[in-house]
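Visitor: Dumping the structure here so I can ask a few things about it.
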Amino acid sequence: MKSELVKTEGGRATLKVTVPVDEFKSYIDEALKELAKEVNVPGFRKGKAPKQIILSRLGEGYVLSEAASHAVSHTYMQAIQESGVKVFSEPVYDVEQLESGKDFIYNIIVDVLPDIELPEYKGINVTKKVAKATDAEVDEVLAQMQKRHSQLVAVEDRDTVEEGDHIIFDFKGFVDGEPFEGGAAENYALKIGSGTFIPGFEEQMVGKKLGEKSEITVTFPEDYHMEALQGKETVFEVKVNEIKKEVLPELDDEFAKDVSDKETLAEYREQIKKDLDENFERISRNKLEDEILAKLLEATSFDPPPSMVDMQAQQLLEEMKTNLAYQGISWEFYLQRTEQDEEALKENFKPRALHQVKNYFLLKEIALKEGIEVSDEELDARIEELAEQFQMTKEQLREYYEKSGQLGSLRSEIETEKTLQFLVDNAIIEEQVVDPKELS
């Protein structure tokens with residue numbers, strides 16, 4: 001048997017294996033011997049029929065195919081070892097020549113781990129954008145907290161609906177004088193001006209009187225999700241049952257006590273500023289690491305295994321599904337609403353997946369060269385830290401990681417963090433103070 005590395009391209013290698021005709025004859029004999037044990041030939045016990053009878057009974061093509069399987073199973077590993085390629089995926093076989101009286105030739109196609117020639121990764125010049133929280137940002141967070149803890153109270157000084165009101169009302173819709181499915185409800189809650197109803201509906205509710213029945217005429221959008229209603233003029237009978245307004249709590253010490261563990265509003269403001277500064281620092285640090293990695297990737301060239309990129313794209317797709325589920329959106333509804341299919345979405349994730357996989361291999365290579373490893377003590381400390389966050393015991397969380405096979409992933413995650421810290425520590429960093437909005 002002889003083999004040659006035909007090409008390595010795009011993270012995939014092709015090996016050409018030639019099994020000489022004389023050697024291939026032994027695999028034909030081996031196949032015939034095995035087949036004789038399975039084939040019933042009148043006048044012969046199983047395994048005792050002559051090879052020529054088995055050959056004529058099953059056909060030359062079938063026997064050659066079985067012989068090829070035997071030859072591949074005996075030679076492919078030797079061919080891979082001789083080539084020196086670092087295999088990542090299960091091999092795919094492609095038969096090039098399979099004929100009686102000729103050499104058997106087949107190709108092995110495998111995804112391979114990249115050989116990375118590292119660029120200079122110490123002393124990289126980068127700019128770190130630094131931002132500090134201003135009073136305006138603190139005020140914005142306070143306003144959000146105010147709104148979150150607001151209350152709806154009944155309007156008592158008027159009986160007509162105004163912009164910004166929260167109303168409870170009944171409605172019933174008619175198209176061409178006939179009610180339609182999903183077009184009616186009682187005691188429905190709506191904020192006027194939220195834009196959640198059909199265009200034109202909320203605007204016409206302004207001025208409606210409490211308890212009075214009236215009508216509103218709107219036209220459904222041409223791209224409305226229910227095809228039967230697209231572009232249809234619709235009359236709604238409406239009756240306002242309640243009018244409420246949003247009342248914000250006072251921003252004082254009592255408010256601070258209610259929403260935090262602080263005693264005064266001033267202390268709460270300081271905590272908000274500290275949290276914002278820490279968040280800005282996290283964003284700034286992430287952007288700094290991204291810039292370092294981008295410069296390293298720009299200075300080197302390698303192709304990761306396509307199957308690994310595919311797996312990462314699938315992982316990104318699964319994360320998307322999970323996020324939609326948290327929002328109460330079914331995957332089927334999302335695909336229907338966006339008029340997309342799962343394979344197309346996965347394909348859209350490929351560039352991002354490729355970038356992530358390249359970063360992974362680059363950091364792994366640097367960690368290997370610098371001897372960056374994760375000790376058992378560091379792994380144990382991380383598990384203890386996570387256990388506290390998840391309100392579990394350290395033993396429970398370790399058992400979960402071990403049983404789910406994720407302990408190696410956690411160790412790899414810590415190694416990545418240490419390698420990124422190494423790159424940052426060895427970079428030449430110029431700080432630039434910017435507005436927080438520039439970090440987003």
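Please treat every number below as a calculation from the coordinates, not as lab data. This is a predicted model, so every value here is computed, not measured. When we count neighbours, we look across all protein chains shown, and the Cβ atoms used for this are built from the backbone with ideal geometry, even at glycine.
Visitor: Can you work out the Karplus-derived ³J(HN,Hα) for every residue in the range 281-296? Use 6.51 cos²θ - 1.76 cosθ + 1.60 with θ = phi - 60°, whole Hz, and x for glycine or proline.
Guide: Per residue, the Karplus-derived 3J(HN,Hα) values read 5, 4, 4, 4, 5, 4, 5, 5, 4, 4, 5, 4, 5, 4, 5, 5 Hz.
Visitor: Follow-up question, since we're still on this one. Could you check which residue among Thr322, Thr196, Thr18 shows the biggest mean-square fluctuation in a GNM of the chain with a 10 Å Cα cutoff?
Guide: Looking only at Thr322, Thr196, Thr18, the biggest GNM fluctuation is shown by Thr196.
Visitor: Choose one answer from Lys213, Lys25, Lys86: the residue with the largest mean-square fluctuation in a GNM of the chain with alpha-carbon springs under 10 Å.
Guide: Judging by the Gaussian network model, the answer is Lys213.
Visitor: So which aspartates and glutamates can Lys209 reach, going by Cα to Cα under 15 Å and dropping same-chain residues fewer than 8 places off?
Guide: Counting by Cα, and skipping residues close in sequence, Lys209 has these aspartates and glutamates nearby: Glu156, Asp157, Asp159, Glu162, Glu163, Asp165, Asp170, Glu237, Glu242.
Visitor: While we're here: Using modelled amide H (1.01 Å from N, peptide plane; none on Pro or chain starts), what sits under 5 Å from the amide H of Asp103, excluding residues fewer than 5 places away?
Guide: Val21
Visitor: Another question, then. Under 13 Å from a label point 7 Å along Cα→Cβ of Lys239: give me every residue in the range 143-187 with its amide N that close.
Guide: Correct set: 169-172, 185-187.
Visitor: How about Lys346: which aspartates and glutamates have a C-alpha closer than 14 Å to its C-alpha, ignoring those fewer than 8 places off in the same chain?
Guide: Asp310, Glu318, Glu319
Visitor: Any chance you could tell me what percent of the C-alpha pair distances in the chain go past 40 Å? Spell out each step's value before the answer.
Guide: Details: 51992 of 96580 pairs.
Tail of the P(r) past 40 Å holds 54 percent of the pairs.
Visitor: For Lys128, go through the aspartates and glutamates and keep the ones whose alpha-carbon is under 17 Å away, minus same-chain ones fewer than eight residues off.
Guide: Asp277, Glu278, Glu281, Glu289, Asp290, Glu291, Asp425, Glu430, Glu431, Asp435, Glu438
Visitor: Can I ask one more? Could you state the angle between the C-alpha long axis of helix 135-148 and the longest principal axis of the C-alpha atoms of the chain, as a value from 0 to 90 degrees rounded to the nearest 10?
Guide: The helix 135-148 is inclined about 80 degrees to the chain.
Visitor: On a full-extension model of 0.36 nm per residue, what is the gain between Gln146 and Asp159, subtracting their alpha-carbon distance, rounded to one decimal in nm?
Guide: Additional length available on full extension: 2.0 nm.
Visitor: With everything on Cα atoms, drop me the angle between helix 376-389 and the longest principal axis of the chain, reported from 0 to 90° to the nearest 10.
Guide: 30
Visitor: List the pairs from Lys132/Lys287; Lys129/Lys273; Lys191/Lys437; Lys321/Lys418; Lys287/Lys321 whose alpha-carbon separation is above 21 Å, in the order I gave them.
Guide: Details: Lys132/Lys287 16 Å; Lys129/Lys273 18 Å; Lys191/Lys437 30 Å; Lys321/Lys418 31 Å; Lys287/Lys321 26 Å.
Correct reply: Lys191/Lys437; Lys321/Lys418; Lys287/Lys321.
Visitor: Still on this structure, I have one more. Looking at the range 2-111, how many pairs of lysines come closer than 15 Å at the Cα, when each pair is eight or more places apart or spans two chains?
Guide: 13
Visitor: Scan the chain and report its longest stretch carrying no GluC sites (Glu not before Pro) that are both in a DSSP loop and have at most 13 other Cβ atoms within 10 Å. Mind dumping the intermediate values first?
Guide: Working: sites that count: Glu38, Glu99, Glu117, Glu120, Glu156, Glu163, Glu212, Glu222, Glu250, Glu263, Glu339, Glu373.
The longest such stretch corresponds to 264-338.
Visitor: Counting other Cβ atoms within 10 Å of each Cβ, which chymotrypsin sites (Phe, Trp or Tyr not before Pro) in the range 348-440 have at most 12 and sit in a DSSP loop?
Guide: On the way: sites: Phe349, Tyr360, Phe361, Phe390, Tyr400, Tyr401, Phe422; in loops: Phe349, Phe390.
Sites meeting the loop and neighbour criteria: Phe390.
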